[in-house]
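Asker: Below you will find the structure I want to go over with you.
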Amino acid sequence: MGLFNHVGKYFLLLFRVFSKPEKLKIYYRETIKEIDKLGLNSIGIVAIISIFMGAVITIQTAYNTENPIYPKYLIGLTARDTLLLEFSSTIVALILAGKIGSNIASEIGTMRVTEQIDAMEIMGVNSASYLILPKIIATVLFSPFLCLMSMIIGIFGGWIAGVATGVMTTQDYVYGIQYAFIPYYIVYALIKMAIFAFLITSISAYHGYYSYGGSLEVGKSSTKAVVRSSIFILLFNVILTQLLLS
Amino acid sequence: MIEVKNVFKSFNETHVLKNINVLFEKGKTNLIIGQSGSGKTVLLKSIVGLHDVDEGEIVFDDTVFNKLEFKEKKEMRKQIGMLFQGGALFDSATVEENVMYPLDMFTEMSLDEKRDRANECLKRVNIINVNELFPSEISGGMQKRVAIARAIALNPKYLFCDEPNSGLDPQTAILIDDLIKELTIEYNMTTIVNTHDMNSVMEIGDKVMFIYKGEKWWEGTKEDIFDTQNKELNNFIFASKLSQKIRELKNHKN
């Protein structure tokens with residue numbers, strides 16, 4: 001029953017979130033603020049993780065394909081496909097679930113327990129839409145850019161690590177990056193990322209919006225938001241992979 | 001005028017409000033008093049529509065508020081101002097932005113007009129030179145006054161205050177009480193204040209309703225309180241040694 005209750009409340013909340021906004025101008029202004037807060041502020045962590053993950057994927061591939069029958073360009077090809085197909089969308093989304101998911105749940109949860117949401121409702125503002133819709137639009141629009149950036153930086157990190165450790169040459173790596181390239185993989189990753197961004201924001205907002213009690217409950221909501229967003233990212237990863245790549 | 005008619009409210013098996021009937025008059029500060037857990041806040045939140053009542057009617061002048069459609073209720077809310085116990089100012093907005101918020105959402109005023117109105121409201125509650133500060137950078141008493149300024153920004157017909165003096169020193173509490181009283185007369189609002197502060201009762205209680213275990217136990221004016229024979233109300237009012245002393249002095253004088 002608990003699960004059905006959550007599912008029902010989640011969709012009712014979404015219904016309120018996507019109802020007609022009071023004033024488009026205000027929502028536009030809030031969306032720009034959220035792009036800065038949730039999107040631009042995530043560039044640093046995504047860049048750092050991507051460069052190191054690109055480096056590690058390259059080095060591990062190199063040490064596991066030392067057999068001379070494997071061509072060296074295989075390292076670049078593996079790094080590229082790993083980054084494009086999984087890392088830059090799924091793993092980056094999991095990282096964002098931790099960063100922006102907890103941020104959203106704790107921000108909205110604190111507003112709930114300090115009666116700021118009640119204050120909005122009393123004024124006649126649709127608090128669900130005002131607080132959540134700009135966050136959803138901001139993350140769904142901006143996260144594909146983070147995904148693209150992660151791909152580029154990850155591939156760059158792989159090249160730096162590969163050349164610096166001497167496991168391959170620049171020519172081999174560049175050849176591998178270009179070899180049998182399927183542009184659709186990028187589209188696939190971007191679609192996945194946009195859907196993951198929606199899941200992270202809406203699930204985290206749901207947990208924040210229905211926080212009751214005090215700071216302890218806000219902390220619990222924040223944890224639930226991260227855990228459940230992560231689970232749904234992994235679940236939807238399987239579904240989307242089957243739908244988009246089969 | 002706000003009339004509460006036969007209102008019942010329960011949470012699961014707990015009956016919080018039991019057949020409440022009361023009339024809150026226009027241009028007066030109407031107080032709801034009672035112990036913690038007696039149902040004061042639930043009653044106030046039921047009146048403003050934050051809780052749906054199980055039975056009964058909440059009538060704002062001639063409109064049955066709790067039976068309105070969502071859109072009509074939303075329109076009606078623009079005539080309501082509320083001061084919450086903790087102020088409920090938006091943390092991420094400055095003092096000026098907080099007061100401008102309802103104007104931003106519901107008016108077509110230009111930025112200058114909104115700023116002028118916000119400053120007018122802030123000046124009315126004696127707040128100056130803090131427009132650019134955030135709520136966390138001002139004192140509790142100032143936060144309450146800013147919250148009042150935000151509540152009156154749209155010239156409401158109804159003002160609700162949930163324990164406006166909680167966490168304030170006695171002098172600041174009196175300032176807040178006086179401000180609520182003055183604004184009620186100035187804007188000719190129907191004001192309902194939820195409190196368990198006896199100073200407030202004596203300062204601004206034009207009409208007082210005592211709620212006990214979810215039921216209306218007594219109603220009258222602040223002058224009637226000293227002469228009441230209601231046991232539970234007496235226990236509540238004269239709980240402190242100071243108030244007992246005042247009663248003794250009054251009786252002695254009589």
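Asker: Taking amide H positions as placed in the peptide plane 1.01 Å from N, state which residues far from residue B:133 in sequence (5 or more) or on other chains have amide H under 5 Å from it.
Answerer: The answer is B:95, B:96.
Asker: Please state the shape class of segment A:25-245: rounded when a/c is under 1.5, otherwise prolate if a/b exceeds b/c and oblate if not, all from the C-alpha gyration tensor. Don't jump to the answer; show the numbers that get you there.
Answerer: Details: a/c = 2.78, a/b = 2.57, b/c = 1.08.
Since a/c reaches 1.5 and a/b is larger than b/c, the shape of segment A:25-245 is classed as prolate.
Asker: What do you get for the angle between helix A:73-82 and the principal long axis of chain A? Use alpha-carbon atoms, 0 to 90 degrees, nearest ten.
Answerer: For helix A:73-82, the angle is close to 10 degrees.
Asker: Report the local net charge at residue B:110: Lys and Arg +1, Asp and Glu -1, summed over other residues whose C-beta lies under 13 Å from its C-beta.
Answerer: Values: positive: A:25, B:114, B:115, B:117; negative: B:104, B:108, B:112, B:113, B:116.
So the environment of residue B:110 carries a net charge of -1.
Asker: I've got another one for you. Placing +1 on the Cβ of each Lys and Arg and -1 on the Cβ of each Asp and Glu in chain A, which of A:62, A:209, A:84 has its Cα farthest towards the positive end of the resulting dipole?
Answerer: A:209
Asker: Which residue, B:63, B:190, B:29, has the most motion in a Gaussian network model of chain B that connects Cα atoms within less than 10 Å?
Answerer: Comparing B:63, B:190, B:29 in a Gaussian network model of chain B, the most mobile one is B:63.
Asker: In a Gaussian network model over chain B where Cα atoms closer than 10 Å are linked, find which of B:228, B:191, B:94 has the largest mean-square fluctuation.
Answerer: B:228
Asker: If you average the C-alpha positions of segment A:3-27 and of segment B:116-165 separately, how far apart do those two centres end up, in angstrom?
Answerer: If you average the Cα positions of each part, the centres end up 30 Å apart.
Asker: Determine ³J(HN,Hα), in whole Hz, for all residues of segment A:84-93 in sequence, where each value follows from phi through the Karplus function 6.51 cos²θ - 1.76 cosθ + 1.60 and θ = phi - 60°; x replaces Gly and Pro.
Answerer: Couplings: 5, 7, 10, 4, 5, 9, 5, 5, 5, 5 Hz.
Asker: Output wanted: per-residue J couplings in Hz (rounded whole) for segment A:219-231, from phi through Karplus 6.51 cos²θ - 1.76 cosθ + 1.60, θ = phi - 60°, x for Gly and Pro.
Answerer: After applying 6.51 cos²θ - 1.76 cosθ + 1.60, I find x, 5, 4, 4, 5, 4, 4, 5, 5, 5, 4, 4, 4 Hz.
Asker: Taking the highest mean first, how do the peptides B:15-27, A:3-15 order by number of other beta carbon atoms within 10 angstrom per residue?
Answerer: Numbers: B:15-27: 17.3, A:3-15: 12.1.
So the order, starting with the most tightly packed, is B:15-27, A:3-15.
Asker: Rank by packing, highest mean first: peptides B:202-209, B:180-187, with packing defined as the count of other Cβ atoms within 10 Å averaged across residues. List each step's numbers first, then the result.
Answerer: Numbers: B:202-209: 21.5, B:180-187: 17.5.
Listed from highest to lowest mean packing, they are B:202-209, B:180-187.
Asker: Could you run the Karplus curve 6.51 cos²θ - 1.76 cosθ + 1.60 with θ = phi - 60° over segment B:100-105 and give me ³J(HN,Hα) per residue in whole Hz, x for Gly and Pro?
Answerer: Karplus-based 3J(HN,Hα) across segment B:100-105 equals 6, 3, x, 5, 4, 6 Hz.
Asker: Order the peptides B:135-148, A:194-207 from the highest to the lowest mean number of other Cβ atoms within 10 Å of their residues.
Answerer: Working: B:135-148: 19.8, A:194-207: 25.3.
Peptide ranking by packing, descending: A:194-207, B:135-148.
Asker: Continuing with this model, one more query. Among DSSP beta bridges lying fully in the protein assembly as shown, give the percent that are antiparallel, nearest 5. Could you put the intermediate results ahead of the total?
Answerer: Details: 19 of 37 bridges.
If I count the DSSP bridges inside the protein assembly as shown, around 50 percent turn out antiparallel.
Asker: Follow-up. Expressed as a whole number of Å, what is the distance separating the alpha-carbon centroids of segment B:18-43 and segment B:214-231?
Answerer: 12
Asker: Using a Cα-Cα cut-off of under 18 Å, which lysines could be cross-linked to residue B:78, ignoring same-chain neighbours fewer than 8 residues away?
Answerer: Counting by Cα, and skipping residues close in sequence, residue B:78 has these lysines nearby: A:20, A:23, B:26, B:45, B:67, B:114, B:157.
Asker: Sticking with this structure for a sec: What does the average come to when, for each residue of peptide A:119-131, you count the partner chain Cβ atoms lying within 10 Å of its Cβ?
Answerer: Per residue, the number of nearby Cβ atoms from other chains is 6 on average.
Asker: Let me ask you something else. Angle check, please: helix B:111-124 long axis (alpha carbons) against the longest principal axis of chain B (alpha carbons), in degrees 0 to 90, nearest 10.
Answerer: That helix lies at roughly 30 degrees to the long axis.
Asker: Once you order the gyration tensor axes a ≥ b ≥ c over the Cα atoms, which shape class does the protein assembly as shown get: rounded for a/c under 1.5, otherwise prolate or oblate by comparing a/b with b/c? Can you show the working numbers first?
Answerer: Numbers: a/c = 2.92, a/b = 2.66, b/c = 1.10.
Prolate.
Readers should treat all values here as calculations from the given coordinates under stated rules, not as data from a laboratory. The model shown is predicted, which means the values in this text are computed figures rather than measured ones. Cβ sites come from the backbone with ideal geometry, for glycine too, and all protein chains shown count toward neighbours.
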